[in-house]
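Please read the structure below before turning to the comments.
The values are calculated or read from the model by the stated rules, or taken from the named source; none is laboratory data. Source: prediction; values computed, not measured. Here the Cβ positions follow ideal geometry from the backbone for every residue, glycine too, while neighbour counts run over all protein chains shown. The accessibility values were calculated without ligands, DNA or RNA, using every heavy atom of the protein model including side chains. Shrake-Rupley method; radii C 1.70, N 1.55, O 1.52, S 1.80 Å.
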Amino acid sequence: MGHVTPATDPLWPSAASLLAADPSPERIHVGLVGVSTYLTSLTDRSWKSTPEAVREALARFSTWSHEAGVDLAEVVDLVDYGDVFDPDGESGTARVAAHLARRDEGLDLVVVLGGDNAATYHAFVAMTGEDPAALGLVTLDAHHDLREGVSNGSPVRQLLEAGLPGSQVVQVGIADFANSAHYASAARGAGVTVIGRDELRRRDVAEVAAAAMAVAGAGGRGVYVDVDLDVADRAAVPGCPAAVPGGLSADEVRRFVRAVASDPRVRAIDFTEVDVERDSADQRTVRLVALCVLEALVGVTGRAA
């Protein structure tokens, strides 16, 4: 990826300016951490850092949200905690936990940049410690991620086995011909709530997000949100190895992210399954992730509205 030169117009602040080494106490604080897993991916994946590419892509966008009427530069600091060193393997979860332990406990939200979907397991366990049931889980994903073994296709199964109740899990965007009957049955058997892609499209995105939060965040429980970008149409996310034609539009993904992030029960959100090496020359996948980060920030600003 080529170097991105931020806009120099002082009246057009770049979203990269939100990355704050010394956050202001008067602002909303959102943490950012990279968890660039790749070694257990079911498809060949580059070792190159997608989190770093997303940080660079922020420079291509401004801080002004027309729809929300908010300038993020005036209200949000994106506190960058850097990337976890070697998050893969048996000790990956411990390394992610040690890294996240450095975060300010007063953060309004933690944004995790993958990496493949193995990052979800590491980050979720790192945030819940010895009690995986402390948080609910909402996934925006074409896949159930209940495969056997340890891979980017198994994080939800691993979390269920670690003690996360299936009744606290909602999977949104599950697609045809992207799963098996066996794993669909496993999801039902575990008590997981599933909202398929077609149902999502028949309903308003914000309505579906609220329904998912009502289950995962029942009783005021905190929620972790996993956004696997391969839920989107392959034309929109060529950097996602498992994306297929007919997935969600980039706009649908962005609106879902803003909707869930506006809910104060959401403690963390990750963006996974993007391989910067596979992305198109115009970097459309990485740019979509950067926009999703900005949508999450806008969502957080609306919590107090």
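Results for (1) out of contact with any Gly (no Cβ under 6 Å at 6 or more places or on another chain); (2) assigned to a loop (DSSP other than H, G, I, E, B); (3) small (Gly, Ala, Ser), shown as yes or no for each residue.
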residue	(1), (2), (3)
LEU32	yes, no, no
ARG55	yes, no, no
ALA68	yes, yes, yes
PRO87	yes, yes, no
ARG95	yes, no, no
ALA98	yes, no, yes
VAL111	yes, no, no
THR120	yes, no, no
| query | What do you reckon, is GLU52 among the charged types (D, E, K, R) and touching a residue at least 12 places away in the same chain (Cβ under 8 Å)? | reply | yes
| field | Considering residues of the stretch 174-200 that are out of contact with any His (no Cβ under 9 Å at 6 or more places or on another chain) and in contact (Cβ under 8 Å) with a residue 24 or more places away in the chain only, the residue nearest to ARG265 (Cα to Cα) | value | THR193
| field | Residue within the stretch 251-263 that is surrounded by fewer than 16 Cβ atoms within 10 Å (Cβ to Cβ) and more than 16 Å from the chain's Cα centre (by Cα) present | value | no
| List, please: which pairs have Cβ atoms under 6 Å, are six or more places apart or on different chains, and start with a residue in the stretch 266-280 that is open to solvent by 10 Å² or more (accessible area, probe 1.4 Å) and end with one that is at pLDDT below 95 and assigned to a helix (DSSP H, G or I)? | VAL276/THR50
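Results for (1) open to solvent by 30 Å² or more (accessible area, probe 1.4 Å); (2) farther than 15 Å from GLY302 by Cα; (3) touching a helix residue (DSSP H, G or I) at 6+ places or on another chain (Cβ under 7 Å), shown as yes or no for each residue.
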{"residue": "ASP44", "(1), (2), (3)": "yes, yes, no"}
{"residue": "GLU52", "(1), (2), (3)": "yes, yes, no"}
{"residue": "GLU56", "(1), (2), (3)": "yes, yes, no"}
{"residue": "ARG60", "(1), (2), (3)": "yes, yes, yes"}
{"residue": "TRP64", "(1), (2), (3)": "yes, no, no"}
{"residue": "ALA68", "(1), (2), (3)": "yes, no, yes"}
{"residue": "GLY89", "(1), (2), (3)": "yes, yes, no"}
